[in-house]
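My structure is below; once you've seen it, I'll send some questions.
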Amino acid sequence: MRGQTGVNVFHRFLVSFKSRPKAHLGVAVVAIANQLSFVALAAGPSVAVGDVHAQRPLAAFCSHAVNLPGCAAGGDSLQVSLPDGSQSCPGSDAVAACAGGDGSAKTAAGVASTPDGLTACVAAGGAPIPSGPAACSDTVLPAIDPGAGQASSAPVVNPSVPVASLQGATAPARIELTSSAPVAQPGNNVVLTATASANVSGSNKAIEIFDQMTGKLLGSCAQGGQCAVAYNAKSGDHSFVAYVTEPSTKIPAGNRTTKSNAVGVNWVGVTLATKDAIVGPGRTVTITATTTSAIDKTGYQLQLFDSDSKARLTFCSQGTSCSTSLTQPVSGVRSVVAVLAKPSSTLPAQGTLAQSDPVSLTWLSVTIQGDGAGSGVHLTATANADLTKTPWSIGIFDEQGHLVGPACKGGSSCSAQVTVTGDMPKFSAAIGAVPAVDTSTKLGQVISRISSPTQLINVQARSSAIKPQRMLWGFDSCQSFTGDASAASGLYPHVTGILGAPDFWGRYLTAAVCPPLSSTEVAAAHAKHMGILPIYNERDCSNVSGYDTGKAYAAEAVASAHGIGLPQGRGIAIDIEPSGAACPGAANLDTGLIHGWYDGIVSAGYAPIYYGSGVSGSEFATQWCYTVAALPYIGQRSYLWSFQPSLLGGYMKSNAPGFSPAIPSGCTAFVHAWQYQLGSSSWAAPDVDQDEATSDMPIWFP
């Protein structure tokens with residue numbers, strides 16, 4: 001422009017109450033969330049089972065910090081309620097529904113293996129039943145002292161020769177079975193050891209261990225006096241027994257066997273699950289904890305904890321399963337874990353028997369970002385969860401609510417490339433379901449092939465709308481860029497053929513120095529989807545001081561803007577040249593002129609733009625900082641167009657420099673445009689200056 005311008009107790013209870021009717025199990029979960037993340041819960045007060053209904057009388061309650069009982073739902077609290085169509089679980093939280101407790105927990109068959117550190121017993125020659133994974137040794141039960149009436153305290157080692165050659169008895173008279181643990185977590189081994197009172201080597205007998213629940217033979221030892229086997233199961237109560245018997249794959253019957261005591265082992269598992277773990281804010285998630293054995297009257301509780309804060313959320317004291325519903329009004333993530341243990345207010349819980357994997361519950365949110373250059377805008381929407389295995393998809397929408405690209409089903413992000421001509425519109429993102437197309441008809445098949453949905457249904461979450469920023473490239477010139485409404489002649493086709501098609505063109509409003517912007521140019525800009533950046537300049541570029549002067553310039557610019565049809569809300573730039581031979585009085589620029597221009601432009605409904613040097617210490621940068629220090633709102637609501645640094649070189653649209661204008665330092669200064677090369681420095685088009693501007697500059701797109 002210049003120039004131009006607890007384990008044993010649990011097992012006993014399991015055995016004692018196995019055949020009794022069980023009450024139901026209940027779980028309630030309480031969580032806390034803020035807008036984007038959950039606040040950790042402190043441990044709540046301990047509540048005895050019998051006092052639950054007295055202290056939590058409501059069928060739904062909420063959470064603000066740890067103030068749980070009787071609070072009013074609302075705000076960002078997580079609300080807990082009974083699942084639809086269910087009843088409160090007796091003896092548990094009022095918001096929990098339960099099932100099970102009738103002793104019908106499923107018992108799953110296990111797998112036998114050789115105990116760690118031992119070697120499988122070698123079957124005696126010709127033995128009809130191989131030992132399998134069982135390990136054997138010569139240890140036998142101690143003999144019973146008839147005088148004492150009981151056996152000595154430890155097993156003894158029997159001779160390795162056949163027992164029949166040393167004593168008159170032809171078969172062992174006793175056998176005892178023990179286990180390494182009465183309770184185990186699913187998949188963990190328990191070692192079962194059967195010890196007979198005599199060595200069975202060389203006899204037609206074997207020591208065999210069976211699972212009475214499944215009738216399965218776990219191991220058979222035709223040698224030694226002791227037989228051991230490891231066993232693991234996924235769930236349920238298992239009862240084991242050992243025999244000294246003729247080898248058999250089935251539990252023996254009759255009087256020709258010696259039977260041991262029964263040993264019970266329970267594999268206890270806990271799971272936590274939900275059908276819909278990812279939903280929108282305000283939607284309800286039902287979560288269910290399940291244990292493989294009823295816990296009625298065992299002294300153990302099925303407890304739910306916040307995985308992050310380690311604080312207990314709720315508990316149940318009976319049944320095998322429990323459900324509760326959670327509703328979070330705002331987006332966020334909660335990780336919950338179920339633990340079967342003695343009562344505990346924090347993790348790790350004492351006497352833990354089993355613990356579930358954590359379950360992540362997500363209340364969705366989606367954000368959108370966008371940027372671009374010229375007419376291309378790249379938009380990216382991001383959700384706070386991976387939607388691949390959910391019913392939901394991410395979509396990006398225009399101001400009319402239409403999808404601007406295909407909805408994205410997999411992952412947590414979605415992108416779209418949009419071409420924008422004219423003013424930058426707003427875009428938003430949403431998470432919802434893609435409407436199904438009936439492909440059973442020919443019409444439906446055709447539609448599914450040739451078109452994509454324009455909407456999402458059952459929307460779970462929406463982003464706020466954004467107006468993306470893109471980099472615009474263009475010119476400013478003293479002379480008119482065309483003389484016809486199609487821009488087929490004049491400066492426009494000449495320079496665009498060399499440098500590229502501009503996104504905007506800066507032109508003068510008044511005839512003070514250059515020909516004013518014409519209605520033909522406005523029509524041509526409309527035809528080319530090009531923006532116009534209106535500029536005001538006074539014939540005397542040295543006259544740049546005083547509030548009244550600035551106000552008068554604004555009035556003249558506004559009058560010309562009205563005459564050319566410039567709509568309100570668009571920007572008008574005042575040309576403030578640097579001090580020099582052409583404008584010696586420019587050194588007298590003061591805050592009055594800046595203030596006067598602002599007031600005159602804003603009062604007319606337009607946006608004030610200032611063209612000047614952004615170099616700190618220059619006349620304009622200095623006076624600008626003085627002005628915004630005294631009147632901060634001017635800095636917040638104005639746009640700057642910096643003509644520094646001014647570059648040399650062969651620039652055009654395809655190799656335009658990155659946006660890096662000089663910006664006044666030490667004060668509020670929003671530089672949205674940069675004149676990076678003067679026409680006099682151009683290698684090919686001396687009649688135009690080259691500019692860059694961000695899309696939030698209030699350029700007029702007719």
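Looking only at segment 264-284, which residues are surrounded by 23 or more Cβ atoms within 10 Å (Cβ to Cβ) and either assigned to a strand (DSSP E or B) or acidic (Asp, Glu) (or both)?
Val265, Asn266, Trp267, Val270, Ile278, Val279
Could you list all residues from segment 511-523 that are touching a helix residue (DSSP H, G or I) at 6+ places or on another chain (Cβ under 7 Å) and surrounded by 19 or more Cβ atoms within 10 Å (Cβ to Cβ)?
Residue satisfying the conditions is Leu517 alone.
Given the criterion modelled with pLDDT of 95 or more, over 47 Å from the mean Cα position of the chain (by Cα) and under 22 Å from Thr421 (Cβ atoms), identify the matching residue among Phe475, Phe481. Reasoning before the result, please.
Values: Phe475 fails: over 47 Å from the mean Cα position of the chain (by Cα).
Only one candidate qualifies: Phe481.
Next question. If you check every pair at least six apart or on different chains, which have Cβ atoms under 6 Å apart with a residue in segment 412-425 that is closer than 25 Å to His529 by Cα first and a residue that is among the aliphatic types (A, V, I, L, M) and in a loop (DSSP other than H, G, I, E, B) second?
Ala416/Val404; Val418/Val404
For Thr668, are the conditions met, namely being closer than 28 Å to Glu556 by Cα and over 40 Å from the mean Cα position of the chain (by Cα)?
Details: closer than 28 Å to Glu556 by Cα: yes; over 40 Å from the mean Cα position of the chain (by Cα): no.
Taking the combined requirement at face value, the residue does not satisfy it.
Filter segment 185-208 for residues that are of a type in the set (Gly, Ala, Ser), within 59 Å of the chain's Cα centre (by Cα) and surrounded by 23 or more Cβ atoms within 10 Å (Cβ to Cβ) and give the result. Reasoning before the result, please.
Initial filter on segment 185-208 (of a type in the set (Gly, Ala, Ser)): 187, 194, 196-198, 201-203, 206.
This time we only want the ones that are within 59 Å of the chain's Cα centre (by Cα), so: 187, 194.
Scanning segment 185-208 gives a single hit, Ala194.
Go through segment 421-432 and give me each residue that's surrounded by 17 or more Cβ atoms within 10 Å (Cβ to Cβ) and either over 13 Å from Ile466 (Cβ atoms) or at pLDDT 95 or above (or both). It would help to see each step written out before you state the result.
Filtering segment 421-432 for residues surrounded by 17 or more Cβ atoms within 10 Å (Cβ to Cβ) gives 424, 427-432.
Those that are surrounded by 17 or more Cβ atoms within 10 Å (Cβ to Cβ) and either over 13 Å from Ile466 (Cβ atoms) or at pLDDT 95 or above (or both): Phe427, Ser428, Ala429, Ala430, Ile431, Gly432.
A further question on this structure: Residues that are in a strand (DSSP E or B) and either among the charged types (D, E, K, R) or under 19 Å from Ser428 (Cα atoms) (or both): does segment 317-331 have at least one?
Within segment 317-331, the first condition is being in a strand (DSSP E or B), and the residues that meet it are 321-327.
With the extra rule that they be either among the charged types (D, E, K, R) or under 19 Å from Ser428 (Cα atoms) (or both), the set shrinks to none.
No, that holds for no residue.
Now, a different point. Quick check on my filter: what residues within segment 518-534 are aliphatic (A, V, I, L, M) and closer than 18 Å to Gly563 by Cα?
Of the residues in segment 518-534, the ones aliphatic (A, V, I, L, M) are 522-525, 527, 530, 532-533.
Correct list: Val522, Ala523, Ala524, Ala525, Ile532, Leu533.
Does Cys514 satisfy the condition of being in contact with a strand residue (DSSP E or B) (Cβ under 6 Å, 6 or more places away or on another chain) and assigned by TED's automatic domain parsing to the domain that holds Phe643?
On the way: in contact with a strand residue (DSSP E or B) (Cβ under 6 Å, 6 or more places away or on another chain): yes; assigned by TED's automatic domain parsing to the domain that holds Phe643: yes.
The answer is yes for Cys514.
Just a yes or no: is a residue in segment 162-174 closer than 24 Å to Ser113 by Cα and at pLDDT 90 or above?
Here is the first cut: in segment 162-174, the ones closer than 24 Å to Ser113 by Cα are none.
Scanning segment 162-174 turns up no residue that is closer than 24 Å to Ser113 by Cα and at pLDDT 90 or above.
Determine whether segment 603-612 contains at least one residue that is within 21 Å of Leu491 (Cβ to Cβ), at pLDDT below 95 and over 45 Å from the mean Cα position of the chain (by Cα).
no
Follow-up question, since we're still on this one. Can you pull out the strands (runs of 3 or more DSSP E) entirely within segment 355-396 that have at least 3 residues that are in contact with a Lys or Arg (Cβ under 7 Å, 6 or more places away or on another chain)? Before you say what the answer is, go through the steps one by one.
On the way: elements: 359-363, 366-373, 376-383.
Filter on segment 355-396 gives 366-373.
Could you list, in sequence order, all residues of segment 622-650 that are among the hydrophobic types (A, V, I, L, M, F, W, C), within 20 Å of Gly600 (Cα to Cα) and touching a helix residue (DSSP H, G or I) at 6+ places or on another chain (Cβ under 6 Å)?
Of everything in segment 622-650, those that are among the hydrophobic types (A, V, I, L, M, F, W, C), within 20 Å of Gly600 (Cα to Cα) and touching a helix residue (DSSP H, G or I) at 6+ places or on another chain (Cβ under 6 Å) turn out to be Val628, Ile634.
Can you name the number of the only condition in (1) touching a strand residue (DSSP E or B) at 6+ places or on another chain (Cβ under 8 Å); (2) within 14 Å of Val544 (Cα to Cα) that Gly569 fails?
The single condition Gly569 does not satisfy is (2).
With at pLDDT 95 or above and on the phi < 0 side of the Ramachandran plot as the only criterion, which of Val190, Val200, Val183 stands out?
On the way: Val200 fails: at pLDDT 95 or above; Val183 fails: at pLDDT 95 or above.
Residue meeting the stated conditions: Val190.
Considering every residue within segment 458-470, establish whether at least one is surrounded by fewer than 17 Cβ atoms within 10 Å (Cβ to Cβ), touching a Lys or Arg at 6+ places or on another chain (Cβ under 7 Å) and either aliphatic (A, V, I, L, M) or part of a helix (DSSP H, G or I) (or both).
Within segment 458-470, one or more residues are surrounded by fewer than 17 Cβ atoms within 10 Å (Cβ to Cβ), touching a Lys or Arg at 6+ places or on another chain (Cβ under 7 Å) and either aliphatic (A, V, I, L, M) or part of a helix (DSSP H, G or I) (or both).
The values are calculated or read from the model by the stated rules, or taken from the named source; none is laboratory data. Predicted model, so just to flag it, every value in this text is computed and none were measured. Cβ atoms come from the backbone with ideal geometry, glycine included; neighbour counts cover every protein chain shown.
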